[in-house]
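Comments concern the structure below.
The values are calculated or read from the model by the stated rules, or taken from the named source; none is laboratory data. Nothing here was measured: the structure is a model prediction, and the numbers come from that model. Reconstructed Cβ throughout: ideal geometry from the backbone, glycine too, with neighbour counts over all protein chains shown.
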Amino acid sequence: MVKKPFSMSFDLKTGNTEENKTTSRFLSNMKDMYMDVDKAEEMIKKEDVKVYDFTELGFDEVEQDLLYGTSIVYPGKVGNEYFMTKGHFHTKLDLAEVYYCLSGRGYMLMETPEGDWEAVLLEAGKAVYVPGRWAHRSINIGDEPLVTFFVFRADAGHDYGTIETKGYRKLIVEKDGKPEIIDNPKWK
């Protein structure tokens, strides 16, 4: 099937678009990803807050296409650990992704299967290139939504299972009112 060129609008502050379906992740979907699971469960009993939304084009996963959309991580913390996306490797491990920060403040936390890791500050107007072989997750360290635009090859796929099982080597937590990168005591 030959696709035709098209355009769409994104709200630069919220990342929302009328053309795409939004998927939401709530704290109950992610409680085991946080260092303090007991605190997450306590928070869920009070209110199952939305941690993040993402939208993307509904294209078939074929190599000749690109998928793009937005990720919106809301402000908040579980204990002293900032709200974040689940994070993922690509199923086709060697495929890269690009993120462009539209608004907010946060980090892109990345790591390889071999143990290398990087944390890159995200601020409005800054782009981050995530090479193939690097798992990646967005973390909101601010008090407004962290909104990023992303693009990747449509057949890259998402491997959430590895992160759900192992976690990330590093966590970003608030200490003395500032972000600090620490070792993840639950990393396997």
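With Lys188, Lys175 as the choices, which residue is of a type in the set (Lys, Arg) and in contact (Cβ under 8 Å) with a residue 40 or more places away in the chain?
Values: Lys188 fails: in contact (Cβ under 8 Å) with a residue 40 or more places away in the chain.
Checking each option against the conditions leaves just Lys175.
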Residue ID - surrounded by the fewest Cβ atoms within 10 Å (Cβ to Cβ), chosen from residues in region 145-172 that are in a loop (DSSP other than H, G, I, E, B) and aliphatic (A, V, I, L, M): Ala154
Residue match in region 173-187 (condition: of a type in the set (A, V, I, L, M, F, W, C) and in a loop (DSSP other than H, G, I, E, B)): yes
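On the basis of being of a type in the set (Phe, Trp, Tyr), under 13 Å from the mean Cα position of the chain (by Cα), more than 20 Å from Glu56 (Cβ to Cβ) and in a loop (DSSP other than H, G, I, E, B), does Tyr107 make the cut?
No: the conditions fail for Tyr107.
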Has region 118-131 got any residue that is closer than 23 Å to Ala40 by Cα and assigned to a strand (DSSP E or B)? no
What residue, of Thr70, Thr91, Thr112, Thr85, is free of Cβ contacts under 8 Å to residues at least 40 places away in the same chain and of a type in the set (Ser, Thr, Tyr)? Thr112
From the residues in region 116-128 that are small (Gly, Ala, Ser) and over 16 Å from Ile182 (Cβ atoms), which one is surrounded by the fewest Cβ atoms within 10 Å (Cβ to Cβ)? Gly125
Condition (residue is at pLDDT below 95 and not in a strand (DSSP E or B)) applied to region 70-82: is it met by at least one residue? no
Of the conditions (1) at pLDDT below 95; (2) touching a Gly at 6+ places or on another chain (Cβ under 9 Å); (3) buried (at least 17 other Cβ atoms within 10 Å of the Cβ), His136 satisfies every one except a single condition; which number is it? (1)
